[in-house]
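In what follows, a single structure is set out as structure tokens and then discussed.
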Ligand SMILES: Nc1nc2c(ncn2[C@@H]2O[C@H](COP(=O)(O)OP(=O)(O)OP(=O)(O)O)[C@@H](O)[C@H]2O)c(=O)[nH]1
Ligand SMILES: [Mg+2]
């Protein structure tokens, strides 16, 4: 059973004019392409292939809005850091992200999805500064934790935590083993409720 039985896909947007009406509350999932954003969303809403994890070009480049509950939404942001993307596309992405972060009144928090084996990239830092510039609380899911031994995973968490300072909270996560799902959901609920307890 899904904890969010009403959850459903709403719309994909390629430009601010296509964004869903800016009311209620939403939390955005950002991260490098292939980091595991869509997989994390699927675990959190507890539904397989809710947010598509396949590499369908065109879809992953869009801002995907999902209805969660009442006037609450999740937003799957386009992945970044893909080597083969042309400059034109990269500029479009940067403009779209800047518009999104600057204009969305309903945006209550950001989940930054980071592959635990890669640590923070320059693009991740750009997303952190977008969030910081608009006073948005951020929670980092260090995902694919299942790929590392326990000791390595603990070390990676400490490093990222030190790197982030007071700027964001961070946790281990795995879409495979479901490690960290309750903690992630609790943080999501705090953001949606407008509480930042970090
Ligand atoms: N082992 C393991 N694999 C994972 C985990 N999360 C995601 N994956 C795999 O990583 C790949 C990418 O996952 P997605 O969720 O599609 O990644 P994404 O960030 O949404 O990618 P884009 O939409 O292209 O930006 C898929 O093959 C997933 O099955 C995890 O926690 N553990
Ligand atoms: Mg995705």
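Listed values, structure above:
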{"quantity": "Residues 92, 67, 195 arranged by fewest to most Cβ contacts within 10 Å", "calculated": "195, 92, 67"}
{"quantity": "Relative contact order (percent, whole number), region 60-198, Cα cutoff 8 Å, 6+ residue spacing", "calculated": "19 percent"}
{"quantity": "Residue 195 versus residue 149: modelled label distance in nm, points set 7 Å from Cα along the beta carbon direction", "calculated": "3.9 nm"}
{"quantity": "Added length on full extension, which subtracts the Cα-Cα distance from 0.36 nm per residue, residue 15 to residue 52", "calculated": "11.3 nm"}
{"quantity": "Selected from 168, 94, 156 as most flexible by GNM, with the chain as the system and alpha-carbon contacts under 10 Å", "calculated": "94"}
{"quantity": "Mean residue ellipticity (222 nm) of the chain, computed from DSSP H runs ≥ 4 via -39,500 (n - 2.57), nearest 500", "calculated": "-10500 deg cm²/dmol"}
{"quantity": "Region 83-112 versus region 1-40: alpha-carbon centroid distance in Å", "calculated": "13 Å"}
{"quantity": "Ranked list, fewest to most other Cβ atoms within 10 Å of each Cβ, for 149, 11", "calculated": "149, 11"}
{"quantity": "FRET efficiency for residue 121 and residue 99, using Cβ-Cβ distance with R0 set to 22 Å, rounded to 0.05", "calculated": "0.50"}
{"quantity": "Within a Gaussian network of the chain (alpha carbon springs, distance under 10 Å), most fluctuating of 21, 183, 102", "calculated": "21"}
{"quantity": "Mean shadow area of region 50-198 over all directions, Cα convex hull, nm²", "calculated": "9.3 nm²"}
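All of the numbers you see were taken from the coordinates with simple rules; none came from a lab. Remember, it's a predicted structure, so these values are computed and weren't measured experimentally. Quick reminder, even Gly has a Cβ in these numbers, built from the backbone with ideal geometry, and neighbours come from all protein chains shown.
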